[in-house]
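What follows is a short report on a single structure.
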Amino acid sequence: MSVTLADLKVKLFTDGAEKAQIVEMAKQPHIAGFTTNPSLLRKAGVTDYEAYARDLVAAVPDRHISFEVFSDELAEIRAQAAVIATWGAHVHVKLPITNTKGESLLPMVRDLVQDGVKVNLTAVFSERQVEEGVAALAGGAPSIISVFAGRLADLGIDYLPAITKAVALSRATPNVEVIWASTREVWNVIEADRLGVHIITAPADVLKKLPALGSRTADELSLDAVKAFRTDALAAGLTLDVTGRAAAE
């Protein structure tokens, strides 16, 4: 049975940092929130982080937005988290599970959520990280654990163990939701929905395809492909001299 956009229970977040794109996507009622990260901010040309973030929150005041810390020093990470938490009622502070030295941020995460800071625990890949991350978030402010399924898949690593463990543990931890992160294709959205993931964050170009879910059958897609090949062959002016070939053979 075909799935339609209306069938999906998973919440849809847009992953990106371009303000114009975020405002455009916020006009769609099925988009529940937004996630950003330093790589996306760099791509968007952001230099004044706080001014950018406050402007974005003002433009989209009623949706979840995640903003990430960027320091590598534990004390400064904590200070940045405190600042980011003041940017809006729907803001979640993104904290990676470790810094670049491999030092765990989980003790800090535990303190922050107990102090009422909404955390998006990010860069989570393994089952062990899922277990430890959910435990650190448990019992605090409403928070999220982001499992990078797409990046695992890019290296041929099965992401299902980490995703399914995160979903199972979060179901027993009322303040924690799971994000399917680093989404690569529309099918990931359907996978996330079927697995009971709370949220999937995806680039806008993936999410813009969702209204077409269920609109074509496999046979119709086949015919569409054949027609496209024929149209492109004609447009390219392709020719092939087959005169006398069949008789010669």
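The values are calculated or read from the model by the stated rules, or taken from the named source; none is laboratory data. Since this is a predicted model, take the numbers as computed values, not measurements. Cβ sites come from the backbone with ideal geometry, for glycine too, and all protein chains shown count toward neighbours. We work out accessible area using only protein heavy atoms, side chains counted, and drop any ligands, DNA or RNA first. Shrake-Rupley method; radii C 1.70, N 1.55, O 1.52, S 1.80 Å.
Here each label is just a point 7 Å from Cα along the line to Cβ, and for residue 219 and residue 168 those points are 4.2 nm apart.
Would you mind checking the pairs 27/118; 27/209; 101/165; 11/208; 94/208; 43/118 and listing those with alpha carbons more than 18 angstrom apart? Please report the intermediate quantities before stating the final value.
Numbers: 27/118 25 Å; 27/209 16 Å; 101/165 26 Å; 11/208 14 Å; 94/208 25 Å; 43/118 26 Å.
The pairs that break the limit, which is 18 Å between Cα atoms, are 27/118; 101/165; 94/208; 43/118.
Qualifying trypsin sites (Lys or Arg not before Pro) in the stretch 68-115, where qualification requires a DSSP coil assignment and no more than 12 other C-beta atoms within 10 Å, comprise 101. Once Lys and Arg get +1 and Asp and Glu get -1 on their Cβ, which of 81, 99, 3 lies farthest toward the positive end of the dipole of the stretch 1-149? Result: 3. With a cut-off of 19 Å on the backbone N, the residues of the stretch 112-127 near the modelled label site 7 Å out from residue 42 along Cα-Cβ are 122-124. Computed from the alpha carbon atoms alone, the convex hull of the stretch 1-99 holds 122 Å³ per residue.
So what is the 222 nm mean residue ellipticity for the chain from helices alone, if each DSSP H run of at least 4 adds -39500 (n - 2.57) and you divide by all residues, rounding to the nearest 500 deg cm²/dmol? Value at 222 nm, helices only, nearest 500: -12500 deg cm²/dmol. Ranked by solvent-accessible area (1.4 Å probe, protein heavy atoms only, all chains present), the residues 54, 128 order from largest to smallest as 128, 54.
With N set to the number of residues, divide the alpha-carbon radius of gyration of the stretch 92-249 by 2.2 N^0.38 Å and report two decimals. Provide the component values of the computation, followed by the final result.
Details: Rg = 23.5 Å, N = 158, 2.2 N^0.38 = 15.1 Å.
With N residues counted in the stretch 92-249, Rg over 2.2 N^0.38 Å equals 1.56.
Amide H to amide H distances under 5 Å link residue 175 with 139, where only residues 5 or more positions off or on other chains count and H is placed in the peptide plane.
Of the listed residues 13, 125, 148, the order by accessible area with a 1.4 Å probe, largest first, is 125, 148, 13.
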